[in-house]
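Student: Mind having a look at this structure? Questions to follow.
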Amino acid sequence: MSLQHFYQDPFESIERQLTKFVNSDKDFKRVASQNQFGTKLDVYETDKETVIHAELPGFKKEDITLDVSEEHHTLTLKGTKKRSESFSENQLRFSECSYGSFLRTIRLPPGSNFEKVSAKFDNGILEMTVPKDSVKGARQISIK
């Protein structure tokens with residue numbers, strides 16, 4: 001009876017899986033297209049207004065909606081970015097771009113004037129400005 005020693009190279013399995021992944025178009029497209037889409041925001045607040053900048057590269061103005069809710073003190077930004085219809089899905093070899101829909105809701109500070117919200121879209125940046133009513137701070141009450 002002879003003893004046999006079984007040795008398995010740990011890198012062989014990894015190399016086999018990597019080769020399978022790279023050589024399989026279907027798996028590669030599936031993994032490459034699973035990006036999570038989310039928009040990045042900068043929110044600035046001064047005594048007079050709240051300014052929100054949203055990065056929306058590749059979006060068209062008509063693909064974006066902006067809603068305000070005075071009741072909930074929120075501003076909701078929604079959008080959808082669609083893949084170009086110039087190519088069919090089976091022609092896709094590689095995709096790192098993000099497509100799909102997003103929804104972001106921002107709570108606005110008390111005193112925000114929802115009637116005068118404005119927005120402008122330029123070079124993939126949406127700037128939303130929410131003016132504040134006159135600041136109603138603390139004040140001292142005289143006692144009579």
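The values are calculated or read from the model by the stated rules, or taken from the named source; none is laboratory data. Just so you know, these numbers come straight off a predicted model, no measurement behind them. Because the Cβ atoms are built from the backbone with ideal geometry, glycine has one as well, and the counts that use them run over all protein chains shown. The protein model used for the area step is the full one, side chains on, heavy atoms only, and it has no ligands, DNA or RNA in it. Shrake-Rupley method; radii C 1.70, N 1.55, O 1.52, S 1.80 Å.
Student: Beyond a 25 Å Cα-Cα separation, which of these cross-linked pairs lie in this structure: 78/120; 81/116; 40/61?
Tutor: 81/116
Student: Take peptides 53-60, 125-132, 96-103 and line them up by average Cβ neighbours within 10 Å, highest first, as a rough protection proxy.
Tutor: The densest-packed peptide leads the list: 125-132, 53-60, 96-103.
Student: Let me ask you something else. Round to the nearest 10 and report in Å² the accessible area of residue 87, as given by a 1.4 Å probe over the protein chains' heavy atoms.
Tutor: 150 Å²
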